Structures are given as C-alpha cells and as structure tokens.
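The next block holds one structure in the form of structure tokens; read it before the comments.
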Amino acid sequence: MSATSHAIDLVRELSGDRVTGENGLLAQLPVIHEMLGMLDTLTIAGQQHVMEKVVDFVDSKTRAVAPRMGDRNRVTLFDLLRRLREESQRLVPDPLRFTRHAESLITLLRSVRF
C-alpha cells in the first residue's frame, strides 16, 4: 500500500461517524499521531490535505471540551490550533513544524482531565 493511499484510509478513519465527544477525540489521537508520522512521505498537496483534516478534526472536537479546561490550558490549546491552521494554509507547509505543534497539542490533550 502506498503512503498516499494509507493516508487516505487514515483520513477516512478520522472522519468516521463513530468519533464523538471528548472520548472520540482521545480515542483518535493515535490515528492523528500516525498521520503526522507520514506527512513527509506525501506530496505538498497531500500534506496540505492531511494537515487540514487533522486541524478541522481537532478543532471541532476540542471546542466542545475547551470550556471545561483551565484558562492557561485553554489559551495554549487555541494558540496551538492557530499555529497548526496557519502552517496547514502555507503555500509550502513545513511538516516538521506542523508535527511539533500537533505533538504539543496531543500532549496537552492527554494531560488534561475533562
């Protein structure tokens, strides 16, 4: 299986109907992590597509739980989301920078009690 087709399968898995609420977010963090690991194997268009899917998914799921987070964690969360979105919208995104920010976000989400 090529990296591109595997990435498409992961995006489909991430977009599945079975992902709901904060439990869905936490359950999908390993899928997001795997997608991040393959960004450097994709074309620029593929990178942008995967980055956009990751940002949209995390953004939609974290907005529901953000009000229950502490102020400092919430500010950090939205700052990391902003950075991810900015990187994903660049003409030539930097997969390493995107991955660093995404890994920080994943670490934050794993450490916060909802």
Residue-wise, which Karplus ³J(HN,Hα) couplings in Hz belong to the stretch 67-76, taking 6.51 cos²θ - 1.76 cosθ + 1.60, θ = phi - 60°, and x for glycine or proline? x, 8, 8, x, 4, 5, 5, 5, 4, 4
Cβ charges +1 (Lys, Arg) and -1 (Asp, Glu), total dipole of the stretch 29-114, debye: 420
On a full-extension model of 0.36 nm per residue, what is the gain between Asp79 and Ser111, subtracting their alpha-carbon distance, rounded to one decimal in nm? 9.8 nm
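Every read-out reported here was derived from the displayed coordinates using simple, explicitly stated rules and does not represent laboratory data. Nothing here was measured: the structure is a model prediction, and the numbers come from that model. Don't worry about glycine lacking a Cβ; one is built from the backbone with ideal geometry, like all the others, and counts go over all protein chains shown.
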